[in-house]
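K.L.:
Structure in C-alpha cells, see below.
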Amino acid sequence: MLTPEAVASSKDTIRTLVVGANRGIGLELARGAKARGQKVYATTRKSSDTLSELGVVRVIEGVDVTKDDDIAHLDGSLEGVTLDRLIINAGILKRTTLDDPNFDAVRRQLEVNAIGPLRVAAAIRHRLADGGKLAILTSRMGSIADNESGGSYGYRMSKAAVNAAGMSLARDLADRQIAVALLHPGYVKTEMTGNSGHVTPAEAATMLLDRVDDLDMEHTGVFWHANGEELPW
Ligand SMILES: NC(=O)c1ccc[n+]([C@@H]2O[C@H](COP(=O)([O-])OP(=O)(O)OC[C@H]3O[C@@H](n4cnc5c(N)ncnc54)[C@H](OP(=O)(O)O)[C@@H]3O)[C@@H](O)[C@H]2O)c1
C-alpha cells in the first residue's frame, strides 16, 4: 500500500496547494481538488478536524500569510515538492465605514488580503512548475468599476490591491508560462458572510476549480467570477 506521499510523487498527477484550507471555501477547494484526483497540500494556521480527516497528502500547519517566518516554514515544508497549482484563498473581512473607518481594520485587511498573497506567491513561486497555475481568491468588491454601493473601505481597498498584485504576477511569471487568475467566488455561505449568501462553499469551490482548469496563458491576468463571467477592474 502506497503512502499518500508516495502517491503524490507519481508524475502525471496534478499537485495543488491550497493556502487557508481549514474552513469555508478553502476547505471545499481542498476537498474538491482531492475529489478530482489531485494531490492536495493544504495550509492552515491551525488545522480543523474536518481538514485533518480529509486525507490530503499533507496539512501544513502554522501558516499565517502575514508572517515571513511562517511562509519560510511553508517553503521548507515543500522541499522536494513541485506544485502544478497554487490557490491562495486566505482572507478576512472587517467592517470599515466612513463614520468608523477603523484604520487598524483597514491596515489588517491590506496585510492579510493583499500583502499576504504577494508574500506567499513571492516565496513559493519557485515550487510551481513551469506551465503551472496560480489562482488568488479576490472579490468583486475589489472592482472599482463595479462599486455602486460604497463603504467597506478596508475590504475593497485590499481586494483592489491584490488585483493589482495579481496582474503584475501574471506579467512577471509569463516567461515561465505560469498563468494567473484573480477569482471571485460569488456570495458564499461562510463565516465571513455570517452564513448568508447565494451558494454553499462546496458549490463555489466546484466553480472555482472549473475556472482553474480553464486557466491558461491566453487568459492570464483574468479577473473572473467563479461562474466564468469576466469582471471589470
Ligand atoms: N464568502 C464570500 O461570499 C466571499 C466573497 C468574495 C470573496 N471571498 C474571498 O474568499 C476567500 C475565502 O473566504 P471564506 O468566505 O471562505 O472566508 P472564511 O470562512 O472566513 O475563511 C477564511 C479563511 O482564511 C483564513 N485566514 C484568515 N486570516 C488568515 C491569515 N492571516 N493567515 C492564513 N490564513 C488566514 C482562515 O483561517 P483561520 O480559521 O485560521 O482564521 C480561513 O481558513 C477570502 O479571500 C475571501 O475574501 C469570499
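The values are calculated or read from the model by the stated rules, or taken from the named source; none is laboratory data. Remember, predicted model here, so these are calculated numbers, not experimental data. Cβ: placed from backbone, ideal geometry, glycine included. Neighbour counts: every protein chain shown. Areas reflect the complete protein model, heavy atoms only, side chains present, ligands, DNA and RNA absent. Shrake-Rupley method; radii C 1.70, N 1.55, O 1.52, S 1.80 Å.
K.L.:
If the cut-off is 22 Å between C-alpha atoms, which lysines fall inside it for Lys39, apart from same-chain ones fewer than 8 positions away?
P.N.:
Lys11, Lys133
K.L.:
Looking at Trp233, Gly24, Ser149, which one has the Cα that reaches farthest to the positive end of the dipole of the chain (charges on Cβ: Lys, Arg +1; Asp, Glu -1)?
P.N.:
Gly24
K.L.:
Given a 1.4 angstrom probe, I'd like the percentage of the accessible area of the chain that is carbon and sulfur, rounded to a whole number.
P.N.:
For the chain, the apolar C and S fraction of the accessible surface comes to 50 percent.
K.L.:
How much of the DSSP beta bridge set in the chain is antiparallel, as a percent to the nearest 5?
P.N.:
Beta bridges within the chain, antiparallel portion: roughly 5 percent.
K.L.:
Then there's this: From the phi of every residue in the stretch 98-104, what ³J(HN,Hα) in whole Hz does the Karplus formula 6.51 cos²θ - 1.76 cosθ + 1.60 yield, where θ is phi - 60° and glycine or proline is x?
P.N.:
Per-residue couplings from phi come out as 5, 6, 9, x, 6, 5, 4 Hz.
K.L.:
For the pair Ser168/Asp49, report the inter-label distance in nm, with labels modelled 7 Å from Cα in the Cβ direction.
P.N.:
So the two model labels end up 4.3 nm from each other.
K.L.:
Right, here's the next one. I'd like to compare 190-196, 27-33: which one has the highest average count of other Cβ atoms within 10 Å, and what's the full order after that? Don't jump to the answer; show the numbers that get you there.
P.N.:
Numbers: 190-196: 12.9, 27-33: 26.3.
For the peptides 190-196, 27-33, the packing ranking is 27-33, 190-196.
K.L.:
Another question about this same structure. Given axes a ≥ b ≥ c from the Cα gyration tensor, I'd like to know whether the chain is rounded (a/c under 1.5), prolate (a/b larger than b/c) or oblate.
P.N.:
Verdict is prolate for the chain.
K.L.:
Let me ask something additional. Write down the accessible area per residue of the stretch 1-113 in Å², having rolled a 1.4 Å probe over the full set of protein chains.
P.N.:
51
K.L.:
Pop the C-beta distance of Glu111 and Arg36 into the FRET formula with R0 = 41 Å and round what comes out to the nearest 0.05.
P.N.:
Efficiency for this residue pair is about 0.80.
K.L.:
Amide H of Leu93: which non-local residues (sequence gap of 5 or more, or other chain) have their own amide H closer than 5 Å, using H built in the peptide plane?
P.N.:
Here nothing satisfies the definition.
K.L.:
Rounded to the nearest 20 Debye, what is the dipole magnitude of the chain about its Cα centre when Lys and Arg each give +1 and Asp and Glu each give -1 at the C-beta?
P.N.:
Value, rounded to 20: 240 debye.
K.L.:
Taking the alpha-carbon distance from Lys189 and a cut-off under 25 Å, which lysines remain once sequence neighbours fewer than 8 residues away in the same chain are dropped?
P.N.:
Lys34, Lys46, Lys94, Lys159
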